[in-house]
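The values are calculated or read from the model by the stated rules, or taken from the named source; none is laboratory data. No experiment lies behind these values; they were computed from the predicted model shown. Because the Cβ atoms are built from the backbone with ideal geometry, glycine has one as well, and the counts that use them run over all protein chains shown.
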Amino acid sequence: MKIVIGCDPNAQEAKEKIIKYIEKNGYGEVTDFGSEDPIYANVAIKVAEAVAAKEFDRGILICGTGIGVSLAANKVKGAYAALAADVYSAERARLSNDANIVCMGAFTTGEKVREGIVTAFLTNEFVKGCASQPKVDAFVKYDMER
C-alpha cells in the first residue's frame, strides 16, 4: 500500500512516530509530504490532491486537533478525509464511509490511540454493497458533479 503523510509543525513528532509505526508493522510504503509549513491547509491540500489523483492509496494528516487538516483536505474533489479520535471511528471511516484520508490531532490523541487509529484505517476496506453504499454513493455523486 502506498501511503502519504503530512502535518503542520505542531505535529512533527507525532508524524515521525507514525511513520516508524507504519514501517515497523509493514503496512506500506510511506511518503512524507513534510511539516515545515505553518499553514496546515497547504500540506493538507497537497496530500488530498495526491490521494484523489490515486498516486497514493491512503493519506494521513495531523495537526493540533486534526480539525483544520480535515476541513482543508475535504475541499479537494475526490478526497474523503475523516477526523478520527478513536479506533472505532477510524475503522468505520473505512468500512462504512470509504474515507481515503484519516486526520488526527497531535494534542488531542495519545500515541497509542494514534497507532490504533492508523492500524484500523490501513487494515480495513470499504464493504461494497453494504448498507452504507447508498450514502457513500450520494456524497461521491455530489462531489463529482460540483
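Residues satisfying the criterion are present in segment 44-54 (criterion: among the aliphatic types (A, V, I, L, M) and within 23 Å of CYS130 (Cβ to Cβ)). Do we find a residue being in contact with a strand residue (DSSP E or B) (Cβ under 9 Å, 6 or more places away or on another chain), part of a helix (DSSP H, G or I) and surrounded by 17 or more Cβ atoms within 10 Å (Cβ to Cβ) anywhere in segment 123-142? Looking for residues that are in contact with a strand residue (DSSP E or B) (Cβ under 9 Å, 6 or more places away or on another chain), part of a helix (DSSP H, G or I) and surrounded by 17 or more Cβ atoms within 10 Å (Cβ to Cβ), one finds none in segment 123-142, hence no. Among the residues of segment 86-108, those identified as surrounded by 18 or more Cβ atoms within 10 Å (Cβ to Cβ) and in contact with a strand residue (DSSP E or B) (Cβ under 9 Å, 6 or more places away or on another chain) are ALA90, ALA93, ARG94, ALA99, ASN100, ILE101, VAL102, CYS103, MET104, GLY105, ALA106.
I need the full set of residues from segment 109-121 which are surrounded by fewer than 21 Cβ atoms within 10 Å (Cβ to Cβ) and part of a helix (DSSP H, G or I), in order please. GLU111, LYS112, VAL113, GLU115, GLY116, THR119 - these are the residues of segment 109-121 that are surrounded by fewer than 21 Cβ atoms within 10 Å (Cβ to Cβ) and part of a helix (DSSP H, G or I).
Quick check: anything in segment 94-102 part of a helix (DSSP H, G or I) and not basic (Lys, Arg)?
yes
Remark: pairs (first residue in segment 13-37, touching a residue at least 12 places away in the same chain (Cβ under 8 Å); second residue surrounded by fewer than 16 Cβ atoms within 10 Å (Cβ to Cβ) and basic (Lys, Arg); Cβ separation under 6 Å; 6+ apart in sequence or on different chains) = GLU29/LYS2. The selection criterion, being under 9 Å from the mean Cα position of the chain (by Cα), modelled with pLDDT of 95 or more and within 23 Å of THR123 (Cβ to Cβ), holds for TYR80.
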